[in-house]
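Enquirer: So that we are looking at the same thing, I have put the structure below in structure tokens.
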Amino acid sequence: MSSKEKKKRGYSNLQLAIASLGFGSVCVFWSIYNSFIPLILDAKLHNLGSIMLSATTISTLTGFIMTIDNFFGLIFQPVFGRRSDHMRSRFGKRMPYLLAGIPSCALLFILMPLAAKIQGTAGILCLMVVVITFNFIMSTWRAPCVAIMPDLVPPEYQSDGNAVVNMVAAVATIMGTLSATLMGLLGFKEAIASGDYTSVFVFGALLTVLFLLIILFAVKWPDNRKDAVEKADGKQTGKESIRNLNLPADVKMSMFFMMFALLCISGSSDGFGTYFTLYAVKLLQMNAAKATLVKTAGTLGAILLALPAGILGRKLGRKKTITAGLSIVITCHVLMFMLPYVGGAAVGTLLTVLYFIYAGAFILININTLPIMLAIGGKSRFGAFTGYYYTATFTAAVICPTVIGFLIGITGTYNTLQVFCMLASILAVICIRRVKHGENMSTEEEEALSEAVKAVED
């Protein structure tokens with residue numbers, strides 16, 4: 001970016017990319033967690049000594065346990081998102097949450113595979129204690145972490161800024177999904193093949209701590225301890241909640257349709273992410289390492305389309321870009337539903353190609369959904385509306401994996417996953433078409449929205 005363009009936009013892509021390593025840490029954690037915890041849980045629940053569980057019970061329990069992070073996110077992320085709007089420290093609003101959260105999560109991350117080595121019911125109980133604690137702490141710093149981007153980027157360029165964030169996230173995700181392969185090359189191949197994923201989790205933990213050190217020393221975080229806490233009519237803006245939002249009725253309606261669209265999108269993507277490894281291993285007869293390599297190929301698709309997705313959102317329109325992405329995702333689910341009936345050695349290659357296209361299409365969606373939500377809320381509510389964004393996505397992520405697990409147990413096939421995700425994506429398209437606000441917001445439009453909010457408050 002030239003100095004003239006940087007001055008026009010008001011931010012540096014390099015500084016934004018470095019600051020985005022915080023979200024990169026989130027992606028490293030979840031890429032490893034979602035790939036290997038379902039396998040660990042499946043193995044543990046099949047080996048509880050004298051306790052015998054049915055296949056339906058195991059798949060439902062696996063789905064339920066995998067929603068714990070989303071349950072905590074639903075409850076705590078809006079709270080900590082709002083709190084971060086008013087944080088005052090030598091490192092600014094958001095960084096204190098990362099400084100406390102990332103090291104704590106890294107330690108708990110290492111403890112997960114170690115707890116899984118304990119035999120019987122004691123092992124599953126120890127694992128659950130670590131998993132629950134890890135997921136709670138993750139929920140305290142994810143919303144502040146995501147709110148860093150809108151802090152740095154003007155509203156009209158937030159699709160572009162979100163593209164930079166997603167490119168960094170995609171690279172971090174690749175590092176996470178390649179962790180098993182990298183650890184295999186370093187001598188842990190037999191251990192990983194036997195179900196011991198300790199080396200993978202240690203790699204992920206160390207990588208996130210490295211990211212934290214980079215953003216701590218490479219980004220100049222503003223000391224805002226002397227800044228006054230923003231108030232409105234004598235009340236702290238942090239007191240505003242989703243039930244008493246001071247927004248015009250039509251804007252609020254767009255917000256709720258957007259939140260329902262996000263619920264459907266998250267229900268599809270989180271459900272697919274939770275069961276993808278099991279789908280590939282159980283239904284397509286792939287091994288865990290190859291299944292994670294397929295995810296790596298998909299992440300490459302996300303990287304290639306990240307910047308174009310931001311530009312499309314700004315030029316073509318965010319809603320149109322999201323709808324195009326959802327249409328491609330629906331097509332991919334239909335084709336992946338057909339894969340088990342293809343058979344042969346080509347299945348792995350076909351899945352890789354489809355997942356590459358799927359991930360590329362999903363980046364069109366993900367890059368443009370958050371800016372819409374933030375534009376609906378306005379500049380003074382970035383942290384809060386980041387929290388509301390996660391209220392929607394985590395509501396779906398709490399419910400859908402458990403429902404999908406139950407349906408898989410009832411139907412007896414992991415192909416049920418594809419049907420569920422396809423239907424959820426179709427509902428998302430319907431909801432997006434009802435959103436009437438949140439496209440590219442100019443300074444004048446933002447001021448008009450602020451005036452409308454002030455009029456409602458008066």
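The values are calculated or read from the model by the stated rules, or taken from the named source; none is laboratory data. Computed from a prediction, not measured in an experiment: that's the story for all the values here. In this analysis, Cβ positions are derived from the backbone assuming ideal geometry, glycine residues included, and neighbour counts consider all displayed protein chains. Please note that ligands, DNA and RNA were not included when accessible areas were found on the heavy atoms of the full protein model with its side chains. Shrake-Rupley method; radii C 1.70, N 1.55, O 1.52, S 1.80 Å.
Enquirer: Could you say whether any residue in segment 302-319 is open to solvent by less than 10 Å² (accessible area, probe 1.4 Å), closer than 22 Å to Leu423 by Cβ and assigned to a helix (DSSP H, G or I)?
Expert: no
Enquirer: I'd like to check something: does segment 48-65 contain any residue that is part of a helix (DSSP H, G or I), hydroxyl-bearing (Ser, Thr, Tyr), modelled with pLDDT of 80 or more and open to solvent by less than 20 Å² (accessible area, probe 1.4 Å)?
Expert: Yes; the residues of segment 48-65 include at least one that is part of a helix (DSSP H, G or I), hydroxyl-bearing (Ser, Thr, Tyr), modelled with pLDDT of 80 or more and open to solvent by less than 20 Å² (accessible area, probe 1.4 Å).
Enquirer: Same structure again: Which pairs do you get when a residue that is within 30 Å of Gln158 (Cα to Cα) and among the charged types (D, E, K, R), found in segment 125-146, comes within reach of a residue that is open to solvent by 20 Å² or more (accessible area, probe 1.4 Å) and not in a helix (DSSP H, G or I), reach meaning Cβ atoms under 6 angstrom, with the pair 6+ apart or on two chains?
Expert: From segment 125-146, no pairs qualify.
Enquirer: If the requirement is being in contact (Cβ under 8 Å) with a residue 40 or more places away in the chain, crowded, with 23+ Cβ neighbours inside 10 Å and touching a Pro at 6+ places or on another chain (Cβ under 6 Å), which of these qualifies: Thr292, Thr274, Thr299?
Expert: Numbers: Thr292 fails: touching a Pro at 6+ places or on another chain (Cβ under 6 Å); Thr299 fails: touching a Pro at 6+ places or on another chain (Cβ under 6 Å).
That would be Thr274, the only listed residue that is in contact (Cβ under 8 Å) with a residue 40 or more places away in the chain, crowded, with 23+ Cβ neighbours inside 10 Å and touching a Pro at 6+ places or on another chain (Cβ under 6 Å).
Enquirer: Let me ask something else about it. Would you check if Arg83 is over 17 Å from the mean Cα position of the chain (by Cα), farther than 19 Å from Ala19 by Cα and either of a type in the set (D, E, K, R) or buried (at least 18 other Cβ atoms within 10 Å of the Cβ) (or both)?
Expert: On the way: over 17 Å from the mean Cα position of the chain (by Cα): yes; farther than 19 Å from Ala19 by Cα: yes; either of a type in the set (D, E, K, R) or buried (at least 18 other Cβ atoms within 10 Å of the Cβ) (or both): yes.
So Arg83 fits the description; yes.
Enquirer: Does segment 9-20 contain at least one residue that is touching a Leu at 6+ places or on another chain (Cβ under 9 Å) and modelled with pLDDT of 90 or more? Can you show your working first?
Expert: First, pick out the residues of segment 9-20 that are touching a Leu at 6+ places or on another chain (Cβ under 9 Å): 10-12, 15-16, 19.
If we keep only those that are modelled with pLDDT of 90 or more as well, we get none.
No, every residue in segment 9-20 fails to be touching a Leu at 6+ places or on another chain (Cβ under 9 Å) and modelled with pLDDT of 90 or more.
Residues are listed down the side, and each one gets a yes or a no for (1) under 30 Å from Lys290 (Cβ atoms); (2) within 19 Å of the chain's Cα centre (by Cα); (3) crowded, with 21+ Cβ neighbours inside 10 Å; (4) at pLDDT below 85:
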{"site": "Gly344", "(1), (2), (3), (4)": "yes, no, no, yes"}
{"site": "Leu350", "(1), (2), (3), (4)": "yes, no, no, no"}
{"site": "Ala359", "(1), (2), (3), (4)": "yes, yes, yes, no"}
{"site": "Thr369", "(1), (2), (3), (4)": "no, yes, yes, no"}
{"site": "Leu374", "(1), (2), (3), (4)": "no, yes, yes, yes"}
{"site": "Tyr388", "(1), (2), (3), (4)": "no, yes, yes, yes"}
{"site": "Ala397", "(1), (2), (3), (4)": "yes, yes, yes, yes"}
{"site": "Ile430", "(1), (2), (3), (4)": "no, no, no, no"}
{"site": "Ala448", "(1), (2), (3), (4)": "no, no, no, yes"}
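Enquirer: Right, here's the next one. Please verify whether Thr323 is open to solvent by 10 Å² or more (accessible area, probe 1.4 Å), part of a helix (DSSP H, G or I), out of contact with any strand residue (DSSP E or B) (no Cβ under 7 Å at 6 or more places or on another chain) and farther than 22 Å from Thr277 by Cα, treating the condition exactly as stated.
Expert: Numbers: open to solvent by 10 Å² or more (accessible area, probe 1.4 Å): yes; part of a helix (DSSP H, G or I): yes; out of contact with any strand residue (DSSP E or B) (no Cβ under 7 Å at 6 or more places or on another chain): yes; farther than 22 Å from Thr277 by Cα: yes.
Here the answer is yes, as Thr323 does meet what is asked.
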